[in-house]
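All remarks here apply to the structure that follows.
Every read-out reported here was derived from the displayed coordinates using simple, explicitly stated rules and does not represent laboratory data. None of the values given here were measured: they were computed from a predicted structure. Because the Cβ atoms are built from the backbone with ideal geometry, glycine has one as well, and the counts that use them run over all protein chains shown.
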Amino acid sequence: MREISTDRAPAAIGPYSQAIDAGDKIFTSGVIPVDPSTGDIKGSDAPSQARQAFTNLSALLSDAGSDIGKVIKTTVFIKDMNDFAKINEVYAEFFRKPYPARSCVEVARLPKDVLIEVEAIAER
């Protein structure tokens with residue numbers, strides 16, 4: 001098991017790793033729509049925040065030796081289930097068939113009060 005850390009995705013804001021390399025799989029922590037170069041939340045609506053979160057996820061996976069095309073499972077946490085369709089549109093910009101297995105849940109609150117957080121399990 002090896003810790004993955006990159007400056008191309010938001011830094012961990014607590015006692016956890018951005019991702020863990022577990023041999024043949026990469027497990028990411030939740031990734032939020034923060035611009036890693038500024039630390040600012042990118043976008044004010046769900047689609048723009050989703051785009052940044054998936055961009056960050058893609059960078060994290062790339063630096064871990066994988067890529068977004070090797071994701072086998074995602075968990076998407078959203079602030080408002082009314083944004084589900086808009087987030088799906090952005091999701092489809094990043095993922096292709098066969099799509100990863102996925103859970104999507106509405107939550108009361110996310111770190112930094114963002115609208116979306118995503119975590120993934122990917123093949124190496």
Response to the item:
In a Gaussian network model of the chain with springs linking alpha carbons closer than 10 Å, the residue among G14, G69, G39 that fluctuates most is G14
Fill in: Relative contact order, percent, the chain [alpha-carbon distance under 8 Å, six or more residues apart]
32
Worksheet item: Roughly how big is the stretch 4-59's charge dipole about its Cα centre, with Cβ charges of +1 (Lys, Arg) and -1 (Asp, Glu), in debye to the nearest 20?
Response: 80
Practice prompt. Using only alpha carbons, build the gyration tensor for the chain and give me the equivalent ellipsoid semi-axes, biggest first, whole Å.
Written response: 21, 17, 12
Worksheet item: For the stretch 91-124 and the stretch 27-85, what is the separation of their Cα centres, given in Å?
Response: 7
Fill in: Lys, Arg +1 and Asp, Glu -1 on Cβ, resulting dipole of the chain about Cα centre, debye, nearest 20
300
